[in-house]
Amino acid sequence: LARYWIDPRFFFFDDMQTGVIGQALEIGRALAHGEWPLLSNSSWVATAFAGEMQYGIFSPFVLAYDLLVYHLDMSLAASTTMLALLHLAVTAAGAYLLARDYELPPALAVVVAFSASMNGWLIMWAAKTWFTLLTSFAWLPWYWLGMRRLSRAPFSPRAFLGTAIALYLLITV
């Protein structure tokens, strides 16, 4: 949020500006009107959301967030910032839980969460220019955590389900 306060157009750059935010708002509009967002006549870049680029239309998480951003009716720059911040928050939460699973103390787990979600590579490249990478990377710590829990005996259906969901979200965004 500090980055947005200093430069409101920081995340409104490159792919976010030319395609992602337009698609996210169009997907949110379609969902708000009771339509499944597979095709669109009014999108900025592509008309086939599932075929030309991956816009997360098979991810319930991304669909819910696109709908939320659409309903908040913010500026384009604020909307792109919200899209980036949510995925950075998901990354941080997953990294924190993963660090705690490695039995790090809470204070060090916060450092891990901060460095996993606020490093220069993720902010300057993924969040600012290549949003698809950011949306997939957000679920990587969750998948890692699930695989780690699955590797322990005994088998847990809950860990299996969590891992499967994390893998599904990692692939579909």
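The values are calculated or read from the model by the stated rules, or taken from the named source; none is laboratory data. As the structure is a prediction and not an experimental result, all values here were calculated from the model. Cβ placement follows ideal geometry from the backbone for every residue including glycine, while neighbour counts extend to all protein chains displayed. For accessibility, only protein heavy atoms count, side chains too; no ligands or nucleic acids. Shrake-Rupley method; radii C 1.70, N 1.55, O 1.52, S 1.80 Å.
Before moving on, here are some points about what is shown:
- For Ala89, the stated conditions hold: it is within 11 Å of the chain's Cα centre (by Cα) and open to solvent by 50 Å² or more (accessible area, probe 1.4 Å).
- Neighbours by Cβ (under 6 Å, 6+ apart or cross-chain): first from the stretch 105-128, within 14 Å of Ala84 (Cβ to Cβ); second of a type in the set (Gly, Ala, Ser) and open to solvent by less than 30 Å² (accessible area, probe 1.4 Å): Ser117/Ala92; Ala127/Ala84
- Neighbours by Cβ (under 7 Å, 6+ apart or cross-chain): first from the stretch 156-173, over 16 Å from Leu97 (Cα atoms); second among the charged types (D, E, K, R) and surrounded by 14 or more Cβ atoms within 10 Å (Cβ to Cβ): Ser156/Arg149
- Residue in the stretch 109-116 that is among the hydroxyl-bearing types (Ser, Thr, Tyr), open to solvent by 30 Å² or more (accessible area, probe 1.4 Å), in a helix (DSSP H, G or I) and in contact with a helix residue (DSSP H, G or I) (Cβ under 6 Å, 6 or more places away or on another chain) present: no
- Checking Leu161, Leu104, Leu167, Leu97 one by one, the residue that is outside any helix (DSSP H, G or I), at pLDDT 85 or above and among the aliphatic types (A, V, I, L, M) is Leu104 and no other.
- Of the criteria (1) crowded, with 17+ Cβ neighbours inside 10 Å; (2) closer than 28 Å to Ile21 by Cβ, which one Trp130 fails: (1)
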